[in-house]
Amino acid sequence: MLKTLTAAAFALSLALPAFADGPLESQMTAWLVGYDDAGEETLTQVEDVAPGALVEYRLAYTNVGDVPLSGLVVSAPVPEATDLELESNETSVASIFEASIDDGDTWGVPPLEVAPGELADTGDYDLVRWSTSDEIAPGDSWEFVYRVSVE
């Protein structure tokens with residue numbers, strides 16, 4: 001059974017503080033992670049995936065305004081029926097990576113505990129976010145990456 005990845009189902013959210021000025025463009029893409037005959041990793045952009053697939057999400061942000069933006073918090077969903085790959089987050093932007101297992105009511109640096117000494121299952125994660133400490137200058141682009149396994 002194929003599962004469809006749609007923009008509506010995986011809407012991005014971006015929190016900007018009240019003092020930030022200027023437009024910010026965003027794009028989210030989904031990539032199927034595979035391997036070629038030499039064992040090198042490959043990425044193929046996809047909309048449909050099958051159980052067992054490893055999917056990489058790429059969030060790209062570009063400051064198309066005339067002033068730097070600061071205090072950005074970039075968040076994205078961990079789709080239902082997927083497991084977050086806990087060590088998969090990547091960015092070159094100075095930021096703190098956090099995740100949630102309760103629809104964003106609480107956040108923490110993974111792995112998260114559901115009870116003292118009991119770690120959340122990777123399928124319990126529902127959101128990820130990066131709280132940035134850098135400014136994104138006019139014309140600059142940032143990218144944020146995370147992976148999930150499809151159940």
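Worth pointing out:
- Peptides 134-141, 39-46, 95-102 ranked from most to least packed by the mean count of surrounding Cβ atoms within 10 Å: 95-102, 134-141, 39-46.
- Rh (Kirkwood; distinct C-alpha pairs) - the range 63-133, Å: 13.2
- For the range 42-85, the residues whose backbone nitrogen is under 15 Å from a point 7 Å from the Cα of T91, taken along Cα to Cβ, are 57-63, 69-78.
- Assuming charge only on the beta carbon of Lys and Arg (+1) and of Asp and Glu (-1), the dipole of the range 79-131 about its Cα centre is about 280 debye to the nearest 20.
- Remark: spin-label model distance S26-V145 equals 2.0 nm, labels positioned 7 Å along the Cα→Cβ axis.
- Taking every protein chain into account, the accessible area of the chain amounts to 54 square angstrom per residue (probe 1.4 Å).
- Size of electric dipole in the chain: Cβ of Lys, Arg +1 and of Asp, Glu -1, about Cα centre, debye, nearest 20: 340
- In this structure, the amide hydrogen of D134, modeled 1.01 Å from its nitrogen in the peptide plane, lies closer than 5 angstrom to those of A94, counting only residues at least 5 positions away or on a different chain.
- This structure gives percent of Cα pairs over 18 Å apart, computed directly, and of [x] 59; [y] 53; [z] 66 that value is listed as [x].
- Take 52-65, 103-116 and order them by the average number of nearby Cβ atoms within 10 Å per residue, most first; the result is 52-65, 103-116.
- One chain, two ends: E135 and V114. Fully extended at 0.36 nm per residue, the span grows by 4.2 nm beyond their Cα-Cα distance.
The values are calculated or read from the model by the stated rules, or taken from the named source; none is laboratory data. Just so it is clear, the structure is predicted and the values come from calculations on it, not from any experiment. Using ideal geometry, Cβ is built from the backbone for each residue, glycine included, and neighbour counts are taken over all protein chains shown. Heads up: the accessible areas ignore ligands, DNA and RNA and are worked out on the full protein's heavy atoms, side chains in. Shrake-Rupley method; radii C 1.70, N 1.55, O 1.52, S 1.80 Å.
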